[in-house]
Number of protein chains: 2
Amino acid sequence: MQITSKFTVAVHILTCIDIFGGQMRVTSDFLSGSTGVNAVIVRNVLGQLRAAGIVETRQGSGGAHLAKALDEITLYDIYKAVDCVDDEGLFHFHENPNADCPVGRNIHKAMDGRLAAAQAALENELKSTTLAQVVADTRRIIDEE
Amino acid sequence: MQITSKFTVAVHILTCIDIFGGQMRVTSDFLSGSTGVNAVIVRNVLGQLRAAGIVETRQGSGGAHLAKALDEITLYDIYKAVDCVDDEGLFHFHENPNADCPVGRNIHKAMDGRLAAAQAALENELKSTTLAQVVADTRRIIDEE
DNA sequence: GAAAGTTGAAACACAAAACGTTACAACTTT
DNA sequence: AAAGTTGTAACGTTTTGTGTTTCAACTTTC
């Protein structure tokens, strides 16, 4: 089980938009080249980021731009934007526990709060990290090459 | 994306073993009935829990038993036992970033530590919860019915 | 020691999800 | 008008999770 690569691809895309955006038009084709991901998938991810108010794109003209300051975009925003987890939550209960068994009909309730706390711990960590930090690290690593 | 239901099923199974183990033989067939999960799957999960030293089972005789005290089994132990995540980690990088692009060849390094921190936050929360707590909650909910 | 019930494990089947691919209409700029 | 780009739908492929069938090995009971 792994969280969809669309999440890390989205971070990659946003980092490219910031780093290359000043010098050139950052098209889905260019992003496909940098990420190694199919251009249509890139456009799908950009569409999700646009729906979340993170980037701006326009038909025809080409070139994506950030819609917010780097330090106003958290990894959690991106994680939510690309739908890493659905409404059911990160953990998954089996559908058919036996309602005639006292454990079967209550185990869900007994675990729910604790699993939600674990999921919240993950998400809080993502909320505390901004794209500004990731981009700064990326620039530093590039400069040190 | 969701963490495999084998995890919550394993917790369900262990809870049953504790609650019903005193009165009856808790076989894979019985556990299949309570969880709604196929008996072969139950035996697979029991096999993983046995490999992790959490339960004891024996061919022929039937009936699973806990190999440790309830408060010595954390949700993290179970999560690891049933292989919720592989060695690559919870997050997933795309395979083919472009090594000719400065972002492409460095983004992995720039994100790694932060993603590991997020995963660790989740796992630490699971480590802080024991099966004893889940079973106690389950018994309380049953008593209140 | 034979019968019945159980576990362990392999092999195959099926469904859902992730990701890739093709195709094309709508749009913008030159 | 032409060239390049985005948005989106439709379909294909691969992987993974889960279910199913089958059977050998083992234990207990009769």
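The alpha carbon centroids of the stretch A:1-65 and the stretch B:52-131 are separated by 29 Å. The base-10 log of I(q)/I(0) for the protein assembly as shown, evaluated at q = 0.07, 0.08 Å⁻¹, reads -0.35, -0.44 [Debye formula, identical scatterers on Cα atoms, solvent excluded]. Its DSSP H runs of at least 4 residues, each contributing -39,500 (n - 2.57), put the calculated 222 nm mean residue ellipticity of chain A at -17000 deg cm²/dmol, to the nearest 500.
Each label point was placed 7 Å from the Cα along the Cα-to-Cβ direction; for B:Q2 and A:D71 their separation is 4.0 nm. In summary, the helical segments of chain A meeting the span-like criteria, namely a full DSSP H run, a Cα extent along the axis of 24 angstrom or more and a mean Kyte-Doolittle hydropathy of at least -1.0, are A:107-127. Number of Lys-Lys pairs in the stretch B:6-144 with C-alpha atoms under 24 Å apart and a separation of 8 or more places or on different chains: 6.
Between A:N96 and B:A51, what's the calculated FRET efficiency when r is the beta-carbon distance and R0 is 30 Å? Round to 0.05. It would help to have the intermediate numbers written out before the result.
Numbers: r = 26 Å, r/R0 = 0.88.
According to the calculation, E is roughly 0.70.
Panel order for B:V11, B:V40, by other beta carbons found within 10 Å of each beta carbon, from fewest to most: B:V40, B:V11.
Values in this text are rule-based calculations from the coordinates and carry no lab data. Owing to the predicted nature of the structure, the values given are computational and were not obtained by experimental measurement. Neighbour counts are summed over all protein chains in view; Cβ atoms, including those assigned to glycine, are modelled from backbone coordinates with ideal geometry.
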